[in-house]
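Below is one structure; the comments refer to it alone.
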Amino acid sequence: MTAAPPAATPRLPAGIWVLGFVSLLMDISSEMIHALLPLFMVGTLGMGVALVGLLEGLAEATALILKVCSGVISDWFGRRKPLAVLGYGLGAATKPLFALATGPGLIFTARLLDRVGKGIRGAPRDALVADIAPPEQRGAAFGLRQSLDTVGAFVGPLLAVGLMLLWANDFRAVFAVAIIPAVLCVLLLVLGVKEPEHAPGTARVNPISKANLKRLPRAYWWVVGVGAVFTLARFSEAFLVLRAEQLGMALALVPLVMVAMNVVYSLTAYPFGKLSDRVSHHGLLLAGLSVLVLADVVLAVSTHWVGLLLGVALWGVHMGMTQGLLAAMVAAQAPADLRGTAFGFFNLVSGVALLAASVLAGLLWQYLGPAWTFGAGAAFSVLAMAALAWRAD
């Protein structure tokens, strides 16, 4: 008797792909700016590295903290897409400000408002991914969205490099071009994503009431804690760009560092997302932290661009192993009607950790040197591994 062929893996819903391409376009726009922004702030505007670290920490923390509010609102009203559109729209609207900036004030305003947009869209978008994807494919869904997001994160710096070479290091002209993919992103989201229908007559309740917060299980809060420790170990990627310049890489080629990191991230996020649907989450987290320790050590001791690129590639592998996994773990532990709130609190705690990590990284860099910055990241990673191993026992 002939054995039946194995069942084909079901395709991910079209909405997941569209959300992935929405993220791709916004990341092209954002990374065209962010790959050059540390050099623009330090070289053109004369800002200190410690101030860059403070701005990066505040910007990313602002985005992550605001995800609480938008996540709660999306649960309360049972709608994710309108908040996602608002957040992506605000991100697009801030792009011209970078090209117009002549001092730290407008840069701070543009960067923070851009991250406000990211904060508004983040939790509703992640909850929308979880709403659309079948439970047995959530790891793959988050991995795919992250992978396409990261394609944009390396296409953006590549465009920035090409335009910097073409236009003789004209930062402002590159920043102006970044407006185009941001506008296309908003149009695609508005026209291409259909939000799943919710059960009619569902009562609107306060997602952060005491009774609802009690519905978030202990396993969810453990994921929140793990995410915070991961963030302490992985500060802003602006320091990868600054490390490249510090090792003597040509100004126009520095964005290739982010290209290399994001190529690796993009290639690994979807495979590791699919793997996370079948293997122990705990073991994959430990493996991801091990890779981050190795990346930090390599970046701390490197004296040549070859070592730099190796460290950056390892950083990308770590991101691919862990970021989609953590999102899938949040979705798995949260009740369906509290997913926006769950992603919001997860990102709130991570935001506070990112602010602390980026400020500390900037201070260590400015007063003790880059080796201390990456050494501190490795130390936090080892502490996180010890905590995970202790919980396993």
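The values are calculated or read from the model by the stated rules, or taken from the named source; none is laboratory data. Keep in mind it's a predicted model, so treat the numbers as computed, not measured. Cβ atoms come from the backbone with ideal geometry, glycine included; neighbour counts cover every protein chain shown. The area values use the complete protein model at the heavy-atom level, side chains included, leaving out ligands, DNA and RNA. Shrake-Rupley method; radii C 1.70, N 1.55, O 1.52, S 1.80 Å.
Angle between the Cα long axis of helix 14-34 and the longest principal axis of the chain, 0 to 90 degrees, nearest 10?
20 degrees
Which order do Val312, Val18 take when ranked by solvent-accessible area (1.4 Å probe, heavy atoms of all protein chains), largest first?
Greatest to least solvent exposure: Val18, Val312.
Roughly how far apart, in whole Å, are the Cα centres of the range 243-321 and the range 346-378?
Computed from Cα coordinates, the inter-centre distance equals 17 Å.
For Cα extents along the principal axes in Å, the choices are (i) 61, 54, 47; (ii) 59, 53, 52; (iii) 69, 49, 36; which was calculated from the structure?
(i)
Using a ≥ b ≥ c from the Cα gyration tensor of the range 171-330 (square roots of the eigenvalues), is it rounded, prolate or oblate, where a/c under 1.5 gives rounded and otherwise the larger of a/b and b/c decides, a/b for prolate?
Verdict is oblate for the range 171-330.
What does the C-alpha gyration tensor say about the overall shape of the range 149-189? Classify as rounded when a/c is under 1.5, otherwise prolate if a/b is larger than b/c, or oblate.
Taking the square roots of the gyration eigenvalues as a ≥ b ≥ c, the range 149-189 is oblate.
Among Leu25, Leu354, Leu165, whose mean-square fluctuation peaks in a Gaussian network model of the chain (Cα, cutoff 10 Å)?
Highest fluctuation of the listed residues: Leu165.
Per the Kirkwood treatment, what hydrodynamic radius in Å, one decimal, follows for the range 281-364 from the mean inverse distance over all distinct Cα pairs? Working shown, then result.
Working: mean 1/r = 0.0682 Å⁻¹.
Across the range 281-364, the inverse of the average 1/r is 14.7 Å.
Please list, in order along the range 173-186, the HN-Hα scalar couplings obtained from phi with the Karplus expression 6.51 cos²θ - 1.76 cosθ + 1.60 (θ = phi - 60°), rounded to whole Hz, x for Gly and Pro.
Values, residue by residue: 5, 5, 4, 5, 5, 4, 5, 5, x, 5, 5, 4, 4, 5 Hz.
With every protein chain kept in place and ligands, DNA and RNA left out, what is the accessible area per residue of the chain? Probe 1.4 Å, answer in Å².
40 Å²
Using a 1.4 angstrom probe on the protein heavy atoms only, could you order Cys69, Cys185 from most to least accessible area?
Result of the area sort, largest leading: Cys69, Cys185.
Whenever you get a sec, compute what percent of the accessible area on the chain sits on carbon and sulfur atoms (1.4 Å probe).
Carbon and sulfur together cover 70 percent of it.
Using r as the Cβ-Cβ distance of Leu275 and Ser209, and R0 as 41 Å, what FRET efficiency do you calculate, to the nearest 0.05?
So the FRET efficiency works out to roughly 0.65.
Could you give the angle, 0 to 90 degrees to the nearest 10, between helix 256-276's Cα long axis and the longest principal axis of the Cα atoms of the chain?
20 degrees
Per-residue counts of other Cβ atoms within 10 Å, averaged by peptide: what ranking do you get for 333-345, 359-371, highest first?
Order by mean packing, descending: 333-345, 359-371.
Could you tell me the relative contact order of the chain? Use alpha-carbon pairs under 8 Å, at least six residues apart, and round to a whole percent. It would help to have the intermediate numbers written out before the result.
Values: 697 pairs, mean separation 116.3, N = 393.
Averaging sequence separation for qualifying contacts and normalising by length gives 30 percent for the chain.
Tally Lys and Arg at +1 and Asp and Glu at -1 over the other residues with C-beta under 13 Å from the C-beta of Phe175: what net charge comes out? Could the numbers behind the result be given before it?
Values: positive: Lys95, Arg111, Arg172; negative: Glu31, Asp114, Asp170.
Its environment carries a net charge of 0.
Identify all lysines with a Cα-Cα distance to Lys118 below 19 Å; exclude those on the same chain that are fewer than 8 residues away in sequence.
The qualifying lysines are Lys67, Lys81, Lys95.
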